[in-house]
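Worksheet: the structure to be examined is printed underneath.
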Amino acid sequence: MPETPWSEVDRYIIDNLVAHDPALDAALEASDVAGLPAINVTPNQGKFLHLLARIRGARSILEIGTLGGYSTIWLARALPAGGRVVTLESDPKHADVARANFRNAGLSGIIDLRVGRASDTLPRLSEEGLGPFDFIFIDADKAGIPEYFMLSLGLSRPGTVIVVDNVVRKGAVVDAASTDPSVLGVRRFNEMLASEKRVSATTIQTVGSKGYDGFTLAVVGADA
Ligand code: SAH
Ligand code: DHB
Ligand code: MG
């Protein structure tokens, strides 16, 4: 047994609890073949997001950071008939891979993929009258988390669930002297949360095949 058996335990959990799905498997394979970085959520994390969206009864989902669309497919699979996902991606190559993955999964009709920097595409969603969303997953560049979170609040209503990925950064988040833009983004986000009356939030540290990280879960509410 290795000193940190995190990957082995992830494998064990996935083998037992996460059924093989041809479209999800194909999405990862196509992302790998296209040379995309393997920074997608793990299968057990993808299913966790899917279950959270189902618990929320989400009919409209917003994702910031598509990559090859692996997490997007998990989220889209949580929707009832008539539900929709909007997903935002800045890299056209990633978006091309994701688009093909959505088509292969039979989900093109319910996933609206927007190519562009989230700081540009998020305000456009409001202008178009899209939202409020029931569930929002923030998983793009970490320096942008404070901005994406504020814009997400504008696309929320009471009961909206917001999940933010990668907020522990191998523990670097506690380094007040850090100059890493990702760490600075997460720390600024936590300062915002500390004084934000519109949400109630907590953060859970995680380990697994992607190492040591964590996610924040926030709910928007009048009595947050
Ligand atoms: N949610 C995906 C992983 C996303 S990885 C999954 O779990 O399957 C982060 C993605 O955010 C990358 O594809 C990256 O190109 C994209 N990204 C980075 N900066 C961005 C920005 N400013 N606006 C939109 N997307 C961005
Ligand atoms: C990394 C991991 C992620 O889950 C992500 O969304 C972006 C980057 C990383 O490990 O670099
Ligand atoms: Mg992530």
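The values are calculated or read from the model by the stated rules, or taken from the named source; none is laboratory data. As the structure is a prediction and not an experimental result, all values here were calculated from the model. Every residue, glycine among them, receives a Cβ derived from its backbone with ideal geometry; neighbour counts consider all protein chains shown. For the accessible areas, the whole protein counts, side chains as well, though only heavy atoms, and no ligand, DNA or RNA atoms are used. Shrake-Rupley method; radii C 1.70, N 1.55, O 1.52, S 1.80 Å.
Express in % the proportion of alpha carbon pairs of the chain at distances exceeding 29 Å.
Tail of P(r) above 29 Å: 23 percent of Cα pairs.
Going highest first, how would you order 202-211, 173-182 by mean Cβ packing within 10 Å?
202-211, 173-182
For q values of 0.12, 0.18, 0.21, 0.22 Å⁻¹, compute log₁₀ I(q)/I(0) with the Debye formula on a Cα-only model of segment 47-116, without solvent.
Log10 I(q)/I(0), no solvent term: -0.26, -0.58, -0.78, -0.85.
Using a Cα-Cα cut-off of under 24 Å, which lysines could be cross-linked to LYS170, ignoring same-chain neighbours fewer than 8 residues away?
Cα-Cα hits under 24 Å: LYS47, LYS142, LYS210.
For segment 110-197, compute Rh as the Kirkwood radius over C-alpha pairs and then the Stokes-Einstein diffusion coefficient at 4 °C and 1.567 mPa s; write the answer in µm²/s, rounded to an integer.
In µm²/s, the coefficient is 93.
At q = 0.20, 0.25, 0.29 Å⁻¹, what log₁₀ I(q)/I(0) does a Debye calculation on the Cα points of segment 70-109 give, no solvent, two decimals?
The calculated log intensity ratios at q = 0.20, 0.25, 0.29 Å⁻¹ are -0.58, -0.88, -1.11.
Which net charge results for the neighbourhood of ASP139, defined as the other residues with beta-carbon distances under 13 angstrom from its beta-carbon, given Lys and Arg at +1 and Asp and Glu at -1?
Cβ neighbours under 13 Å give a net charge of -3.
Would you mind telling me the antiparallel percentage of the DSSP bridges in the chain, rounded to 5?
Taking every DSSP beta bridge with both residues in the chain, the antiparallel ones total about 45 percent.
Can you divide the C-alpha Rg of segment 185-224 by 2.2 N^0.38 Å and report the result to two decimal places?
My calculation over the Cα atoms of segment 185-224 gives 1.35.
Can you give the relative contact order of segment 48-162 as a percent, counting alpha carbon pairs under 8 Å and 6+ residues apart?
30 percent
Place the peptides 187-199, 3-15, 156-168 in order of packing, highest mean first, counting for every residue the other Cβ atoms within 10 Å and averaging per peptide.
156-168, 187-199, 3-15
Using the basic label-point model (7 angstrom from Cα toward the beta carbon), what is the TRP6 to ARG56 distance in nanometres?
Taking the simple label geometry, TRP6 and ARG56 are separated by 2.5 nm.
Hey, can you rank 95-108, 33-46 by average C-beta count inside 10 Å, highest first?
Top to bottom by mean Cβ count within 10 Å: 95-108, 33-46.
In whole Å and largest first, what semi-axes does the C-alpha gyration tensor of segment 27-76 yield when each eigenvalue is scaled by 5 and square-rooted?
22, 11, 8
Below 8 Å between Cα atoms, with a sequence gap of 6+, how large is the relative contact order for the chain in percent?
Averaging sequence separation for qualifying contacts and normalising by length gives 18 percent for the chain.
Projected onto the charge dipole of the chain (+1 at Lys/Arg Cβ, -1 at Asp/Glu Cβ, origin at the Cα centre), which of VAL174, MET192, GLY221 gives the Cα projection farthest towards the positive end?
GLY221
For segment 182-224 and segment 71-131, what is the centre-to-centre distance using only Cα atoms, to the nearest Å?
That distance is 23 Å.
What number does segment 4-130 give for Rg over Rh if you use C-alpha atoms and the Kirkwood radius?
Across segment 4-130, the Cα-based Rg/Rh ratio is 0.98.
Taking 0.36 nm per intervening residue step and subtracting the Cα-Cα distance, what contour gain separates SER209 from ALA26 on full extension?
63.9 nm
Over all directions, the average projected area of the alpha-carbon convex hull for segment 97-140 comes to how many nm²?
3.8 nm²
Provide, as a two-decimal number, the C-alpha radius of gyration of segment 148-224 over 2.2 N^0.38 Å, N being how many residues it has.
Ratio of Rg to 2.2 N^0.38 Å for segment 148-224: 1.13.
Got a number for carbon plus sulfur as a percent of the chain's accessible area, 1.4 Å probe?
Summing carbon and sulfur atoms, their accessible area is 55 percent of the total for the chain.
Contour minus end-to-end for ALA81 and ASN104, with contour as 0.36 nm per residue of separation and end-to-end as the Cα-Cα distance?
Residue separation times 0.36 nm, minus the Cα-Cα distance, leaves 6.4 nm.
Probe of 1.4 angstrom, ligands and nucleic acids ignored: what's the accessible area per residue over the chain, in square angstrom?
49 Å²
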